[in-house]
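Novice: Supplied in structure tokens, the structure appears directly below.
The values are calculated or read from the model by the stated rules, or taken from the named source; none is laboratory data. All of these numbers come straight from a predicted model, not from anything done at the bench. Here the Cβ is made from the backbone with ideal geometry for all residues, glycine too, and neighbour counts use every protein chain on show.
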Amino acid sequence: MQVIRFASAMAAAKSVASILTSEKKRYSPYPYNRFRPDESLWWVATAKEWPAYKHGKYVFFEDGDLLHCGLHVEKGLGLLAAQFEPGLHKRHQILGNDWMWHRFMADLKGGKLGEALDESYRIGCESVRIRIDCIVVHGSGGYDPFAPKPDSTTFSVAPGSALEVISYKSTNATLERLRGAETLRSVPECLPDANTLEWVWIDAYVTMPFVKMGEYGTGGVEFLDGYGLGRLLEPLEQWIGTSDGSNTVMES
């Protein structure tokens, strides 16, 4: 597995945001937990506002000696859920037409995500994973973004988009069908049915795992730097922002 020249998600996010910012577009790093940034998952986004929920964003998070870098897309709750939890509208947690989730799902089914990941492999990526986390909010008093997701399935993604289950955990079997997905194209049809999805929040992560620099020190090891990481992430750029391209910070 590739070794990356960063010892934390914070360092990687800040480097990538700086490298990607150009005369046409500005990228900003955001800690998901602003009160504990050293331990937090980090985003890099082009949003004019806090990029949670409807925005696709680059994501960086640590898992033991690994640093995951890639894409994070969220699916909000349905209008039926909003009838029982009015506060969901105020918290902008109801899935709207401008959420990146819609394009992401269409491009999963249509093969565009697989093509993008194949391009990352051609550039030099050695490993890709897709993780789907979810929580059912019906009767739970609304969606808490900091609450752990009780259902999660992680796949390795091979060149050509073939999937292999790495891990699976389930509290209420919401993702039971997803375990049967064999390719990226089949993921959307293996998610819960439309009625169930009204009550389900989903986080989708498409990431490349790297060994953190701190695990190897500096002697005799070739590291992937921020510029190299930016090149590997570039094929995922098409899912950064909202589905309609609004709320993007352009440099003047």
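Novice: Looking at Ala17, is it surrounded by 17 or more Cβ atoms within 10 Å (Cβ to Cβ) and free of Cβ contacts under 8 Å to residues at least 12 places away in the same chain?
Specialist: Considered against the rule, which asks whether it is surrounded by 17 or more Cβ atoms within 10 Å (Cβ to Cβ) and free of Cβ contacts under 8 Å to residues at least 12 places away in the same chain, Ala17 comes out as no.
Novice: Please enumerate the residues belonging to region 157-175 that are of a type in the set (Val, Ile, Thr) and touching a helix residue (DSSP H, G or I) at 6+ places or on another chain (Cβ under 7 Å).
Specialist: Val157, Val165, listed by residue number.
Novice: Considering only region 66-97, state which residues are of a type in the set (Asp, Glu) and either in contact with a His (Cβ under 7 Å, 6 or more places away or on another chain) or modelled with pLDDT under 95 (or both).
Specialist: Answer for region 66-97, where residues must be of a type in the set (Asp, Glu) and either in contact with a His (Cβ under 7 Å, 6 or more places away or on another chain) or modelled with pLDDT under 95 (or both): just Glu85.
Novice: Answer yes or no: is there a residue in region 78-87 that is on the phi < 0 side of the Ramachandran plot, in contact (Cβ under 8 Å) with a residue 60 or more places away in the chain and within 18 Å of the chain's Cα centre (by Cα).
Specialist: no
Novice: Moving on. Which residue, of Glu198, Glu164, is among the acidic types (Asp, Glu) and out of contact with any Phe, Trp or Tyr (no Cβ under 9 Å at 6 or more places or on another chain)?
Specialist: When all the criteria are applied, what remains is Glu198.
Novice: Scan (1) at pLDDT below 95; (2) surrounded by 14 or more Cβ atoms within 10 Å (Cβ to Cβ); (3) among the aliphatic types (A, V, I, L, M) for the single condition Ala173 breaks and write down its number.
Specialist: All conditions are met except number (2).
Novice: Here are some conditions: (1) touching a residue at least 24 places away in the same chain (Cβ under 8 Å); (2) surrounded by fewer than 20 Cβ atoms within 10 Å (Cβ to Cβ); (3) part of a strand (DSSP E or B). Tyr227 meets all but one. Which one does it not meet?
Specialist: (3)
Novice: Further, regarding this structure: What are the residue pairs meeting all of these: first residue in region 26-43, first residue closer than 19 Å to Gly56 by Cβ, second residue of a type in the set (D, E, K, R), Cβ atoms under 6 Å, and 6 or more apart or on different chains?
Specialist: Arg26/Glu251; Pro29/Lys14; Trp43/Lys57
Novice: Do the conditions hold for Met208, that is, is it aliphatic (A, V, I, L, M), under 21 Å from Ser18 (Cα atoms), in contact with a strand residue (DSSP E or B) (Cβ under 7 Å, 6 or more places away or on another chain) and at pLDDT below 95?
Specialist: Taking the combined requirement at face value, the residue does not satisfy it.
Quick grid of which residues meet (1) touching a Pro at 6+ places or on another chain (Cβ under 6 Å); (2) aromatic (Phe, Trp, Tyr); (3) over 26 Å from Ser186 (Cβ atoms):
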{"residue": "Gly78", "(1), (2), (3)": "no, no, no"}
{"residue": "Ala116", "(1), (2), (3)": "yes, no, no"}
{"residue": "Arg122", "(1), (2), (3)": "no, no, no"}
{"residue": "His138", "(1), (2), (3)": "no, no, yes"}
{"residue": "Thr153", "(1), (2), (3)": "no, no, no"}
{"residue": "Val165", "(1), (2), (3)": "no, no, no"}
{"residue": "Lys169", "(1), (2), (3)": "no, no, no"}
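Here is a yes/no grid of residues against (1) in a loop (DSSP other than H, G, I, E, B); (2) of a type outside the set (Val, Ile, Thr); (3) buried (at least 17 other Cβ atoms within 10 Å of the Cβ):
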site: Ala12; (1), (2), (3): no, yes, yes
site: Arg36; (1), (2), (3): yes, yes, no
site: Ala52; (1), (2), (3): yes, yes, yes
site: Leu67; (1), (2), (3): no, yes, yes
site: Glu74; (1), (2), (3): no, yes, yes
site: Met105; (1), (2), (3): no, yes, yes
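Novice: Name the one entry in Asp203, Asp225 that is of a type in the set (D, E, K, R) and under 23 Å from Gly110 (Cα atoms).
Specialist: Within the list Asp203, Asp225, the selection yields Asp203.
Novice: Under the condition of being among the acidic types (Asp, Glu) and at pLDDT 65 or above, which residue from region 228-252 is farthest from Ala106 (Cα to Cα)?
Specialist: Of everything passing the filter in region 228-252, Glu234 is farthest from Ala106 (Cα to Cα).
Novice: Could I ask something else about it? Which residues, counting only those in region 134-164, are of a type in the set (Phe, Trp, Tyr) and either assigned to a strand (DSSP E or B) or crowded, with 17+ Cβ neighbours inside 10 Å (or both)?
Specialist: Across region 134-164, the qualifying residues are Tyr143, Phe155.
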